[in-house]
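K.L.:
The structure is given below, and queries will be raised subsequently.
The values are calculated or read from the model by the stated rules, or taken from the named source; none is laboratory data. Quantities reported herein were computed from a predicted structural model and do not represent experimental measurements. As a convention, Cβ positions derive from the backbone with ideal geometry for all residues, glycine included, and neighbour counts pool all protein chains shown.
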Amino acid sequence: MARFGFIIHPLSARQITKLYPALKLLPDRMIEAILAKQGPRLASEVTGIKSKTGVETTGVLVGCSATPKMFARMPVEKSYEMILDAVNMAVDNGAEIVGLGAFTSVVGDAGVTIAERSPVPITTGNSYTVATAIQGTLEACDILELDKSKATIAVVGSTGSIGRTCAQVLSPEFAKAILIGRDIERTTESAAGIPNAVPSIDVKQIIEADVVVSVTSSETSVIQPEDIKLGAIICDVARPRDVSRRVAEKRPDVLVIEGGVVKVPGTPDFGIDFGFPKGTAYACMSETFMLALEDRAESFTLGKTVSKEQVEEMLSLAEKHGFELEGFRAFEKAVTEETIERVKAARLVPSSA
Ligand SMILES: NC(=O)c1ccc[n+]([C@@H]2O[C@H](COP(=O)([O-])OP(=O)(O)OC[C@H]3O[C@@H](n4cnc5c(N)ncnc54)[C@H](OP(=O)(O)O)[C@@H]3O)[C@@H](O)[C@H]2O)c1
């Protein structure tokens with residue numbers, strides 16, 4: 001089987017202080033200045049991934065020392081340089097295929113340039129991320145007994161690599177779709193060919209939506225408690241999160257689920273804590289693991305487009321190797337039966353109440 005590498009990075013300067021408490025008193029910009037001087041770091045050796053077919057793979061996680069805020073501010077060439085240093089460190093540690101995590105797959109042309117300059121194939125992991133976002137959203141609708149033929153879905157970040165394909169696949173399942181972006185021309189283009197889709201550049205329009213898939217690359221949260229419809233379901237795929245933490249406190253009537261959390265087969269040990277239950281990982285990582293298990297050292301998902309065929313292929317590989325969607329989680333905790341019942345009850349309240 002192929003050996004893999006996967007590139008990770010801190011989602012905020014504050015996250016770094018969990019690893020290095022001595023930095024706690026420093027302001028974010030000083031932590032970022034320290035990070036900017038660091039090279040890549042071998043974060044962990046990953047062991048114990050075993051497919052239900054019996055094949056196994058191992059690999060490494062390599063840390064790239066930039067937060068989303070830092071990536072957003074630096075010239076794109078500098079981002080490529082940092083990411084390629086991390087890719088090369090993975091290759092030095094035996095990786096034959098490398099996956100790009102979080103913002104390392106968002107910056108620039110989403111992996112295309114990195115793949116051209118890398119000694120091994122690259123994947124962004126976005127095909128399986130789309131697959132699990134769709135699965136999770138539809139499963140949540142079933143559990144809440146939501147009648148999709150009478151409901152409205154909104155996709156926030158619908159012009160993006162993950163958002164556009166989620167919008168194309170999910171919109172036809174619902175009565176109406178509101179596709180939200182920042183630029184009206186590009187948002188209208190992402191809605192083209194979807195008969196029930198309305199483009200919008202106003203995120204506040206999610207107030208009309210029974211179901212929201214949010215997948216922007218914003219550095220800060222874009223969904224606030226005041227903006228959400230009573231009893232809505234929100235699948236938050238973005239890292240850092242799109243849904244403000246205040247939603248957990250102020251909107252007990254809303255079901256927020258984290259998109260893209262996957263149970264990995266075998267007895268995986270990732271060597272670091274993602275804040276998920278043992279044995280679970282991000283969908284984008286899982287795409288890399290599956291390609292390694294298949295011994296397919298090839299650049300699978302690259303660029304800003306994810307095709308329905310790529311999503312279907314990942315779903316069939318997940319089935320073959322025993323990768324499954326983890327139970328619903330929100331804000332680092334499992335979603336309880338009590339939450340489900342509360343949201344169901346809220347959905348029964350007439351909307352004028
Ligand atoms: N859970 C997982 O396993 C997983 C895996 C991979 C990626 N992700 C996360 O998924 C997110 C999206 O990734 P992607 O590859 O689809 O990114 P992308 O192709 O760059 O698309 C990002 C989308 O967000 C919009 N956007 C950017 N900044 C915004 C802001 N400040 N306010 C509102 N909208 C904004 C963009 O609009 P414009 O078109 O106007 O720029 C675009 O629609 C990222 O947070 C990434 O870390 C999660």
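K.L.:
For the range 218-265, list the strands (runs of 3 or more DSSP E) that sit wholly inside it and hold at least 2 residues that are in contact with a helix residue (DSSP H, G or I) (Cβ under 7 Å, 6 or more places away or on another chain); which are they?
P.N.:
By residue number, 233-236, 255-258.
A quick yes/no check of all residues on (1) surrounded by fewer than 16 Cβ atoms within 10 Å (Cβ to Cβ); (2) within 13 Å of the ligand (Cβ to nearest atom):
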site	(1), (2)
VAL243	no, yes
PRO252	yes, no
VAL262	no, yes
PHE276	no, yes
GLU294	no, no
LEU302	no, yes
THR305	yes, yes
GLN310	no, no
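K.L.:
Output the number of the condition that VAL203 fails; it satisfies all remaining conditions of (1) of a type outside the set (D, E, K, R); (2) touching a strand residue (DSSP E or B) at 6+ places or on another chain (Cβ under 9 Å); (3) within 30 Å of GLU324 (Cβ to Cβ).
P.N.:
Just one mismatch for VAL203, condition (3).
K.L.:
Further, regarding this structure: Exactly one of (1) free of Cβ contacts under 8 Å to residues at least 40 places away in the same chain; (2) surrounded by fewer than 18 Cβ atoms within 10 Å (Cβ to Cβ); (3) under 23 Å from LYS148 (Cβ atoms) is unmet by VAL247. Its number?
P.N.:
Tallying (1) free of Cβ contacts under 8 Å to residues at least 40 places away in the same chain; (2) surrounded by fewer than 18 Cβ atoms within 10 Å (Cβ to Cβ); (3) under 23 Å from LYS148 (Cβ atoms), VAL247 fails exactly one: (2).
K.L.:
If you check ILE134, ILE114, ILE162, which single one turns out to be within 16 Å of the ligand (Cβ to nearest atom), assigned to a helix (DSSP H, G or I) and not assigned by TED's automatic domain parsing to the domain that holds ALA334?
P.N.:
ILE114
K.L.:
Follow-up question, since we're still on this one. Testing ALA102 on (1) at pLDDT below 95; (2) touching a strand residue (DSSP E or B) at 6+ places or on another chain (Cβ under 6 Å), one condition comes back false. Which one is that?
P.N.:
The single condition ALA102 does not satisfy is (2).
K.L.:
Only one of ASP236, ASP183, ASP227, ASP202 is crowded, with 24+ Cβ neighbours inside 10 Å and of a type in the set (Asp, Glu). Can you tell me which?
P.N.:
ASP236
K.L.:
GLU96 passes all but one of (1) within 16 Å of the ligand (Cβ to nearest atom); (2) charged (D, E, K, R); (3) farther than 22 Å from SER218 by Cα; which number fails?
P.N.:
All conditions pass for GLU96, except number (1).
K.L.:
With respect to the numbered conditions (1) touching a residue at least 12 places away in the same chain (Cβ under 8 Å); (2) more than 29 Å from ILE153 (Cα to Cα); (3) not in a strand (DSSP E or B), which one is the sole condition not fulfilled by GLY275?
P.N.:
That leaves (2) as the condition not met.
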